[in-house]
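The values are calculated or read from the model by the stated rules, or taken from the named source; none is laboratory data. Model, not experiment: these values are computed from the prediction. Note: ideal-geometry Cβ built from the backbone for every residue, glycine included; neighbour counts use all protein chains shown.
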Amino acid sequence: MEKILNRRKIRGTEKYLVRWKGFMAEHDTWKKREDLGNAREALEEFEERMNVEVRRQEKLDMAEEKDFRRGELLGKYMVKMLYR
């Protein structure tokens, strides 16, 4: 395994999208967590990347909300709509 790319939960079962070393994206497969027993390091790396991404998205959301409260965001969207 090269790395874990994504995670999803279907009917209560958590699955991870795995990129296999030496293979292209079309060979990526979804595997259950229990099937990744010896890939603890890859799982930890994936969780850390997701935590960083969540924190980054939260900061963006907070900044957007702040702009919206000041009315700046509405103006930005109005300009986009007028000049399409």
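Tabulated values for the structure
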read-out: Any hit, the stretch 32-48, residues being outside any helix (DSSP H, G or I), under 21 Å from Arg8 (Cβ atoms) and modelled with pLDDT of 90 or more; value: yes
read-out: Residue check for Tyr16: surrounded by 10 or more Cβ atoms within 10 Å (Cβ to Cβ), of a type in the set (Ser, Thr, Tyr) and either outside any helix (DSSP H, G or I) or modelled with pLDDT of 90 or more (or both); value: yes
